[in-house]
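Below: one structure, written as structure tokens.
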């Protein structure tokens, strides 16, 4: 569109801001992190690992010996991938030394020391001291790179909490009510399907199709705690990797809890059905573990479906707000004005 003087006002202004952003060259790793910065990061990170090596050794041993925490080896890899997925933001973020990071590191060190003290006196677990590693890492990032970098990196750092094993007593306190809930809910589902079943706490007594009475127990391994941790971690991953409003991300993370409970109930129902059909071999050993792995499929489908639903509702609300805004504008503003550079938007 040309103005009275023959100048092309539409092309000059239309999308100019978007073009400027798009034409901004992406920084490379070498430009964003010069050698001296990398050396300083390597030295301080090495010191951090050395000071916490005793904790890392305890966690790795637990990952190897306790099947409930075998996923701990994968959590740091996911954190690295999260950072890689936001590498452009990390490279573009303005960096500066922030001495508040030293205070955060000091707070983390105090948490570690407090965890060691409570282990020796009250709480026989190093989990509180493990948690202290997270503010120490965040404080190191804040000190070296500043708040803008920490704003991108704090979720991958906090994600490491899913790799930190809980104390055995705490794990049992969480597992027991989940065991009873899984038994009660699966018993209700089987009753609806016509199965003769009696539920008492975490024990199931059912009658198979051949008239054989079978006694089943929802053990700690079937409580669903592993699913709870895995699906909450999955919700955090989906919330972080996709660009969503905060409330949608929080919803995805919190919905990991009912989704994990529902999938565990489904698992118990499938296992119990094998006994109802007089095929107990399908409810033991490998098949029992394999059924637990299969529960990832409905969990992913539910999380993706929830994400799609939330995003669709948000887009609909945004379009309604835009339509309402357009109705209040004069016709000259809708067709093109100084705000839009004379171009029709």
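Values quoted throughout were computed directly from the atomic coordinates according to the rules given, and no laboratory measurement underlies them. As the structure is a computational prediction, the values presented were derived from the model and not from experiment. All Cβ positions, glycine included, derive from the backbone under ideal geometry; neighbour counts span all protein chains shown.
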Relative contact order as a percentage, segment 170-328, C-alpha pairs under 8 Å and 6+ apart, gives 21 percent
What does the extension gain come out to for residue 87 and residue 161, with contour length at 0.36 nm per residue minus their alpha carbon separation? 24.4 nm
FRET E, pair residue 203, residue 73, Förster distance 35 Å, beta-carbon r, rounded to 0.05: 0.55
Full extension between residue 221 and residue 40 adds, at 0.36 nm per residue less the Cα distance, a length in nm of 60.7 nm
Students often check this: by mean Cβ neighbours within 10 Å, which of 108-114, 221-227 ranks highest, and how do the rest follow? 221-227, 108-114
Would you mind putting 197-206, 231-240, 268-277 in packing order, based on average other-beta-carbon counts within 10 Å, highest first? 231-240, 268-277, 197-206
Please say if segment 170-328 is rounded, prolate or oblate, where rounded means a/c under 1.5 for a ≥ b ≥ c the square roots of the C-alpha gyration tensor eigenvalues, and otherwise the choice is prolate for a/b larger than b/c and oblate otherwise? prolate
Theoretical gain in end-to-end length, residue 300 to residue 193 [0.36 nm per residue, Cα-Cα removed]: 35.9 nm
When you count, for each residue, the other Cβ atoms within 10 Å and take the mean per peptide, how do 174-183, 210-219, 33-42 rank with the highest first? 174-183, 210-219, 33-42
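Applying 1/(1 + (r/R0)^6) with R0 = 30 Å to the Cβ-Cβ distance of residue 94 and residue 119, what FRET efficiency is obtained, to the nearest 0.05?
Step by step, r from the Cβ atoms, then E = 0.15.
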